[in-house]
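Report on the following structure.
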Amino acid sequence: MFVRNKMTSNPFTISPDQTVPDAQEIMLQHNIRRLPVLKNGKLVGVVSKEDILRASPSQATTLSIGEVNYLLAKTKVSQIMTKNPITISPNALLEEAATLMRDHGVSFLPVMDGNKLVGIITESDIFDAFIELLGFREKGTRLTIEAVDAPGIMSKLTSIISNFGANISNVAVYRGTAAKSAVVIGLDTLNTAGIEKALEEEGFKIIYKLQNK
């Protein structure tokens, strides 16, 4: 799946010359936590709720509410934003986006098509895609099968399942130790007793079963 399939297109943005209260108002009004910062249509940074919190006086301050608000009103977005943010292409894979976020310790990425901001993608988007790809909410059965990590194993598994006329909707492989893997297979049926028996007769071990009715 590509970034363009899960990103938020045409995101809300802010200018570096706007103030912190301006950013707070946009975030509050639209229930968002982050804003790309554009100057003359060019991405120059990103600002988040965390940036605003870091720029705000400590709760232990002796300043009055009025003084705090005055200081924030004088603070421009350009003073607290993260400059030169990590970006990604809409044609990149979601795995690339997840890796960039993980490696750089960020929770979202501006999505750039050349020099144009076309969207943003967040950790929540990645989580949603992960759930969707694994078919976790789909009706049917998910069997987690312990299998030897060797050529031909997937073919053998799918052959056994096809004999029962069940459709495989999702597959994931988690490599383990001792040359064994956990293969998670999503099936479009709740009637898997025969499949389970056939798999066990062929030496496979079913280590977990989840059904969504």
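The values are calculated or read from the model by the stated rules, or taken from the named source; none is laboratory data. Keep in mind that this is a model prediction, so the values were computed, not measured. Glycine gets a Cβ as well: all are built from the backbone with ideal geometry, and neighbour counts include every protein chain shown.
Worth pointing out:
- Some residue of the stretch 73-91 being modelled with pLDDT under 75, surrounded by 17 or more Cβ atoms within 10 Å (Cβ to Cβ) and within 23 Å of Phe12 (Cα to Cα): no
- Among the residues of this structure, Leu93 counts as one that is in contact (Cβ under 8 Å) with a residue 60 or more places away in the chain and under 18 Å from the mean Cα position of the chain (by Cα).
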